[in-house]
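Structure first, then comments.
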Protein chains: 2
Amino acid sequence: MVTMTTTTSTALLTDHYELTMLRAALADGTAHHRSVFEVFARSLPAGRRYGVVAGLGRVVDAVESFRFTPEHLAWLRETGIADDATAAYLAGYRFTGSIDAYREGELYFPHSPVLTVTGTFAECVVLETVILSILNSDSAVASAAARMVSAAHGRVLLDMGSRRTGEQSAVAAARAAYVAGFDATSNLEAGFRYGIPTRGTAAHAFTLAHADEAAAFGSQVRALGTGTTLLVDTYDTREGIARAVAAAGPGLGGIRIDSGDLGAEARAARAQLDALGAGSARIAVTGDLDEHVITALADAPVDVLGVGTRLVTGSGHPTCGMVYKLVSIADRPGADAPMRAVAKRSAGKGSVGGRKVAYRGLDHAGYASRENVVVRHLPDAPEAGLGRALQVPVVRGGNVVHHPSLAEIRAHHRGAKAELMPLDLDLAPGTPRLAADPTALTPTTGA
Amino acid sequence: MVTMTTTTSTALLTDHYELTMLRAALADGTAHHRSVFEVFARSLPAGRRYGVVAGLGRVVDAVESFRFTPEHLAWLRETGIADDATAAYLAGYRFTGSIDAYREGELYFPHSPVLTVTGTFAECVVLETVILSILNSDSAVASAAARMVSAAHGRVLLDMGSRRTGEQSAVAAARAAYVAGFDATSNLEAGFRYGIPTRGTAAHAFTLAHADEAAAFGSQVRALGTGTTLLVDTYDTREGIARAVAAAGPGLGGIRIDSGDLGAEARAARAQLDALGAGSARIAVTGDLDEHVITALADAPVDVLGVGTRLVTGSGHPTCGMVYKLVSIADRPGADAPMRAVAKRSAGKGSVGGRKVAYRGLDHAGYASRENVVVRHLPDAPEAGLGRALQVPVVRGGNVVHHPSLAEIRAHHRGAKAELMPLDLDLAPGTPRLAADPTALTPTTGA
């Protein structure tokens, strides 16, 4: 499948200050010093007990597409953002460093080192914005989606939120929701680009476009078969259900209800469908669902839940607070130059210097007991006894070495979520039990 | 300027159900019936007194780029989403109808008919998702931005939120903020694609990358001149300011503070800068600003306000509730077929049939007094005495006839906002005084 969007350059999805820093660093030589940048969140959104990492696959694509075109370079020169040396550097830009990261679908907590970028200061510093844009937005959707999946208890969950977020964010949101366990999406580009199952039947406009509801249902059944789902609430839901069964017969695939008290409507619909002999017709509900509404529908005879606004806007938390911080840098060029840990001391926004590695401690029953985050010098030497290693090599020498399928990502997410205790999955506001303790980290001079 | 992104096909930024409806409508002939779809919001986000329309220019681009590629069509056939007739229709798809809309930057209220699409049912129904994605997300940002502009009372406002929203939504957000009066953005793609001024100097990483703060400031001043803005809070803000003036001299352009009590920090910084002879150095503050924090900084000596998360996430309301509803359709093909008004009666989600036109009533002092929305048969016959006409022709016969510059859009926004009364601009929660009253609308059978 060819998609022009994903092969488009991502080089200007970048904050101005990154190129300004690059310019000064090229002039003073710092540009060529080996550096380590880390992505982490100081906290989760208020009340959340865990977060879900999503977007890593898109980050990899964005880094590979981070190339400046001649038009970009001409514009950067014209505007004075880049001088000759900066433009020359950008013309040859290609990321040649390493990326390690939490697997996509992995859970994260405060101070989890979600993604680590290693390379020259120059090649790392320019990636800040596009990496954070993707991780912050995709993880926000996945984190909300995971809560909805818990609330749904196995019922079918559909993403129908494309119209409530930016047109490209909609595609990313469909992917993030799928990572976290949604079953399908309404978004066709997500189907085309990522192979995510898509679903959809009809809107109210289709019914209104016909002389009456019976004509609309008859047309839909002729075109799509009796297994289709008919939207029954355009005029009167009781009459709509009767017409739906009349149009499709007892083999009607399903009905959708988009208004009213969804629990009461579903119960009445189930009784009516059963009485009409359409016992196998499934009931789909849509309209301002979120994890709490889904929980409230636990006892209602609802088979399919279509979620829109609250999914793609992170159910009250449309972005994560992930930041991209320099934690270690060499004082001279060269791969063998010694590294020093660095950290800022800004009020309330201090950071911990040194490259971190992370493990999920597990108790004897297999439940996650602790997010073990340690600073260390040799990034590839495993510590023993700290638990499940959370970071995997994603890019080495500029080449992508991590290629999980979406099915593998979904499976990893299910496994990681299965390590949580019931109290971690509680949808009520709480605190993340597994927050890493940055004060317990021991920066070493060698890190 | 050539940007691949904006010329990429938008055809699959579409919900599955639109093509399912198309398939059934092609089979039964409804596809070719002349139709009118309207975009409106039933309400504003809770507590908001007005909304700002943004994204119209992007909608026009998206409609022009709504073309199905051979790869798209092959995929739609493979998946069974499209049958032969549907694929054949989509292969030749090109919107040939009309669009009328509120100007970009215009204010809107509940039930304002923000955008009207006229054409065959087939060519209109497939545009629902991409139009709503753009208008709902861009208008959410512009609506938040307008409140921040009011709070800033003329101080410089910068969009720095790219990292807190999807990477393409970040570009759209920069544009929407600029429409509503922001002065510049950090987002380079927004500068490249739309000509929006961009700004940026350095992050904490730049200071940390150097042996000490003095070395970092010295390098930045050498590369960017004494007029640059130095970030002073990496270690200790008092010392940072002293080093900034030492590095740049009394002609220092400015400092940025990103942590602590921003009002208190700004006051202390102003006194310190003045005492050091750097009276012309401007003070920029960043860090979790929104319209309320900006208001609280009214008396602080802050010259530049950089807004991130709360801008691009709509300051608590990341999407608008705009919907795309069929309001009128012919019962047979042909441009001369009579139209009938249609409306759904779903509980709590009813609509008003018939094509609407809208005027902003103005009182004798020039203040907006009423959103006059009326249903009418002949869309191009002006009503007298109802006020300022709010809709303009945007597309005619598939051709774009409305080409405002961003400068014109910004000017229109300023003028429309100047028609509001002080109470409409109050940032405290309130109700929109100018909500159109849908029950006062009189659907006519001819509409």
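The values are calculated or read from the model by the stated rules, or taken from the named source; none is laboratory data. This is a predicted model, so every value here is computed, not measured. We place every Cβ from the backbone using ideal geometry, glycine too, and count neighbours over all the protein chains shown. Heavy atoms of the whole protein, side chains included, go into the accessibility calculation; ligands, DNA and RNA do not. Shrake-Rupley method; radii C 1.70, N 1.55, O 1.52, S 1.80 Å.
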Here the qualifying pairs (Cβ atoms under 8 Å; residues six or more apart or on different chains; first in region B:409-420 and farther than 13 Å from residue B:147 by Cα; second open to solvent by less than 10 Å² (accessible area, probe 1.4 Å) and assigned to a helix (DSSP H, G or I)) come out as B:409/B:179; B:410/B:179
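Condition check ((1) farther than 22 Å from residue A:397 by Cα; (2) out of contact with any Cys (no Cβ under 9 Å at 6 or more places or on another chain)) across all residues:
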| position | (1), (2) |
| --- | --- |
| A:9 | no, yes |
| A:19 | yes, yes |
| A:38 | no, yes |
| A:41 | yes, no |
| A:47 | yes, yes |
| A:50 | yes, yes |
| A:59 | no, yes |
Residue pairs qualifying under the 6 Å Cβ cut-off, at least six apart or on distinct chains, with the first in region B:227-240 being at the interface with chain A (Cβ under 10 Å from one of its Cβ atoms) and without any contact (Cβ under 8 Å) to a residue 60 or more places away in the chain and the second being open to solvent by 40 Å² or more (accessible area, probe 1.4 Å) and of a type outside the set (A, V, I, L, M, F, W, C), are B:235/A:345
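Here is a yes/no grid of residues against (1) buried (at least 23 other Cβ atoms within 10 Å of the Cβ); (2) under 30 Å from residue B:376 (Cα atoms); (3) among the β-branched types (Val, Ile, Thr):
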residue	(1), (2), (3)
B:12	yes, no, no
B:42	no, yes, no
B:49	yes, yes, no
B:61	no, yes, no
B:73	no, no, no
B:81	no, no, yes
B:87	no, no, no
Determine whether region B:195-209 contains at least one residue that is more than 7 Å from chain A (Cβ to nearest Cβ) and charged (D, E, K, R).
no
Exercise. Quick check, is residue A:60 within 13 Å of another protein chain (Cβ to nearest Cβ), under 15 Å from residue A:133 (Cβ atoms), hydrophobic (A, V, I, L, M, F, W, C) and not in a loop (DSSP other than H, G, I, E, B)?
Worked result: no
Being hydrophobic (A, V, I, L, M, F, W, C), in contact with a Pro (Cβ under 6 Å, 6 or more places away or on another chain) and modelled with pLDDT of 95 or more narrows B:209, B:184 down to just B:184
The condition from (1) under 30 Å from residue B:330 (Cβ atoms); (2) open to solvent by less than 20 Å² (accessible area, probe 1.4 Å) that residue B:26 misses is numbered (2)
Counting only helices (runs of 4 or more DSSP H) wholly inside region B:187-252, the ones holding at least 3 residues that are among the β-branched types (Val, Ile, Thr) and open to solvent by less than 30 Å² (accessible area, probe 1.4 Å) are B:237-248
Of the residues in region A:387-409, those that are open to solvent by less than 40 Å² (accessible area, probe 1.4 Å) and assigned to a helix (DSSP H, G or I) number 2
(1) under 25 Å from the mean Cα position of the chain (by Cα); (2) outside the structural domain of residue B:183 (by TED's automatic domain parsing); (3) in a strand (DSSP E or B) all hold for residue B:306 apart from (2)
For region B:273-296, the count of residues that are away from chain A (no Cβ under 14 Å), surrounded by 20 or more Cβ atoms within 10 Å (Cβ to Cβ) and not in a strand (DSSP E or B) equals 6
Per the list (1) open to solvent by 10 Å² or more (accessible area, probe 1.4 Å); (2) facing another protein chain (nearest Cβ under 7 Å), residue check on residue A:181 breaks on (2)
